[in-house]
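The values are calculated or read from the model by the stated rules, or taken from the named source; none is laboratory data. Fair warning: this is a prediction, and the values are worked out from it, not measured in the lab. Positions of Cβ are backbone-derived with ideal geometry, glycine not excepted, and every protein chain shown enters the neighbour counts.
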């Protein structure tokens, strides 16, 4: 089965500005990939090419094995923009009905109910958008992106305006979608959220892919903290494999070991290193 998303040698030039420079990226079946990078790094251009709103200058993008922008490719993906807006006078049911007609979905009332249940909005099916909280609107947005059972979801900052509880709800929803085999490309600036939920991350800088891998693969050791009755000692230049030796040496020296903490770089550390310290 083709990958949910395959990007090969993707380049895009706007006049003298090269927004993408030969990017290669894949999103596998049921995989959740975080797309990171500062403003102007090319994230939005990559997503627009995958959706079919922009054509690449060179290279190719495929969705479920079909050229990005083609009818089969559009049918295989769902999209939630960062600044989406639904008519305030529409109910949740009416929003989904509209998007069913736009997508050509014949799922009817059964699909609408299933999607509202999935995003925990079944009890708000007749509530108007203007009467919903930001978190409810965000979940409704994800529901509309799932109309027609797409293989790939492209989500642009789905948790940026939510409080911690709302972010957790959306994070749990993304984990449910992954368990159902839906692939997700998540464009986000919330590194802690990406680190918690994503299988892999891809970091762009100035149109180039500068880092890619699982959060664990991209992190590097920062030493070991050893807590004894003398306090907390940071031992640099050592890794997890050195812990048994360090503990044995401390015990042999008559120390009482209360805690050992293996330190590794966070995704934020990796991100800042990859983009040269640039932040938005």
Which of the residues belonging to region 138-162 are more than 16 Å from the chain's Cα centre (by Cα) and surrounded by fewer than 19 Cβ atoms within 10 Å (Cβ to Cβ)?
149
Can you spot a residue in region 261-270 that is in contact with a strand residue (DSSP E or B) (Cβ under 6 Å, 6 or more places away or on another chain) and farther than 30 Å from residue 27 by Cα?
yes
Matching residues, region 104-132, being surrounded by fewer than 16 Cβ atoms within 10 Å (Cβ to Cβ) and closer than 17 Å to residue 80 by Cβ:
120
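Could you please give the count of residues in region 106-120 that are touching a residue at least 40 places away in the same chain (Cβ under 8 Å) and within 26 Å of residue 134 (Cβ to Cβ)? First the steps, then the outcome.
Applying the first criterion (touching a residue at least 40 places away in the same chain (Cβ under 8 Å)) to region 106-120 yields 107, 118-120.
Now drop any that are not within 26 Å of residue 134 (Cβ to Cβ), which leaves 118-120.
Residues meeting the conditions: 3.
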Scan 9, 40 and give me the residue that is in the same structural domain as residue 177 (by TED's automatic domain parsing), modelled with pLDDT under 90 and more than 14 Å from the chain's Cα centre (by Cα).
40
Can you pull out the residues in region 17-34 that are more than 13 Å from residue 199 (Cβ to Cβ) and touching a residue at least 40 places away in the same chain (Cβ under 8 Å)?
18, 19, 20, 21, 22, 23, 24, 25
Within region 43-59, does at least one residue satisfy the condition of being at pLDDT 90 or above, within 20 Å of the chain's Cα centre (by Cα), exposed (fewer than 14 other Cβ atoms within 10 Å of the Cβ) and within 17 Å of residue 186 (Cα to Cα)?
no
Could you check region 72-97 and list, in sequence order, the residues that are out of contact with any strand residue (DSSP E or B) (no Cβ under 7 Å at 6 or more places or on another chain), in contact (Cβ under 8 Å) with a residue 40 or more places away in the chain and within 19 Å of residue 188 (Cα to Cα)?
84
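Take the residues of region 94-103 that are under 12 Å from residue 147 (Cα atoms) and over 26 Å from the mean Cα position of the chain (by Cα): which is surrounded by the fewest Cβ atoms within 10 Å (Cβ to Cβ)?
First pass over region 94-103, keeping only residues under 12 Å from residue 147 (Cα atoms): 95-103.
From what is left, the residues that are over 26 Å from the mean Cα position of the chain (by Cα) are 97-98, 101.
Details: 97: 18, 98: 15, 101: 10.
Per the criteria, the residue is 101.
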